[in-house]
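S.K.: One structure, pasted below without further comment.
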Amino acid sequence: MALAKILAALLMAMALCEVSIAATVYHVGDSTGWTIGKVNYTLWSQTKDFVVGDTIIFEYSNQYHNVLQVTHDNFKSCNATAPIATYATGNDSITISKYGHFYYLCGIPGHCEAGQKVDIRVPHPPESPSLSPSPSPSPSSSPSPSPITSPSPSPSPITSPSPSPSPKPWPSSPSPSPSAWPTPSSPPPSWGNPPAPAPSWGIAPAPAPSPASSLHVSMGLLGPSMAVLAFVVTAFAY
């Protein structure tokens with residue numbers, strides 16, 4: 001910031017030096033001077049490039065003319081009653097010290113209306129580019145790459161586990177029904193009196209079986225346990 005101010009001051013000083021060196025002296029109306037009815041002062045001033053530091057010289061006969069600096073409104077209406085400044089030497093030198101418009105006229109009645117007035121215009125110079133240091137560009141932060149999100153896998157449909165087939169029950173072997181023990185076809189022989197012989201009908205009766213043979217038959221029909229019991233009984237009988 002301080003460097004910019006120093007540079008601006010140096011440029012201003014250089015500009016003033018150039019103005020002082022290039023200052024120009026202008027004779028209003030050129031060789032004709034400041035008079036009436038001979039020069040168009042509006043056209044004359046438009047052909048000049050006035051700058052700060054230039055000098056304007058009014059040359060005239062002070063017996064017939066004078067120079068008044070007035071405002072813009074008084075300039076337009078040729079009103080000489082309230083001048084800003086008055087010059088009457090006949091060789092008036094005025095140095096331009098600032099920019100803007102400077103209005104002059106002759107205060108002798110009727111001279112301004114006849115065209116003895118001039119507008120000295122000093123335009124502002126073109127603005128030089130600003131020397132203030134441009135702010136250092138802030139490092140552009142490159143946009144951080146947005147993280148690439150991989151598409152989330154679509155959830156697989158949840159299948160309820162199929163019930164495992166219950167093991168088939170082994171076929172239960174039918175419990176064997178208790179076999180009916182064979183009952184003797186004939187009642188056990190009585191161990192006392194022998195049975196009476198059956199009446200014969202012409203056929204000789206078969207001899208009655210001996211107790212041993214009957215016992216053998218019964219043992220074939222009975223189970224092993226009964227056979228053992230029968231054997232013991234038979235042993236006792238004999």
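The values are calculated or read from the model by the stated rules, or taken from the named source; none is laboratory data. These figures come from a predicted structure and were not determined experimentally. Cβ: placed from backbone, ideal geometry, glycine included. Neighbour counts: every protein chain shown. Just the protein is used for accessible areas: all its heavy atoms, side chains included, with ligands, DNA and RNA removed. Shrake-Rupley method; radii C 1.70, N 1.55, O 1.52, S 1.80 Å.
S.K.: May I ask you to work out the translational diffusion coefficient for the range 31-135 at 25 °C, viscosity 0.890 mPa s, via Stokes-Einstein with Rh from the Kirkwood sum over Cα pairs, reported in whole µm²/s?
M.R.: Details: Rh = 14.9 Å.
So the translational diffusion coefficient is about 165 µm²/s.
S.K.: Express the accessible area of the range 41-95 per residue in Å², computed with a 1.4 Å probe while the remaining protein chains stay in the model.
M.R.: That works out to 55 Å² for each residue.
S.K.: Hey, another quick one. Pick out, in residue order, every one of the trypsin sites (Lys or Arg not before Pro) in the range 27-82 that is DSSP loop and has at most 14 other C-beta atoms within 10 Å; say none if there are none.
M.R.: Sites meeting the loop and neighbour criteria: K38, K48.
S.K.: Further question: Of the listed peptides 110-123, 88-101, what is their order by residue-averaged count of other C-beta atoms within 10 Å, with the highest listed first?
M.R.: 110-123, 88-101
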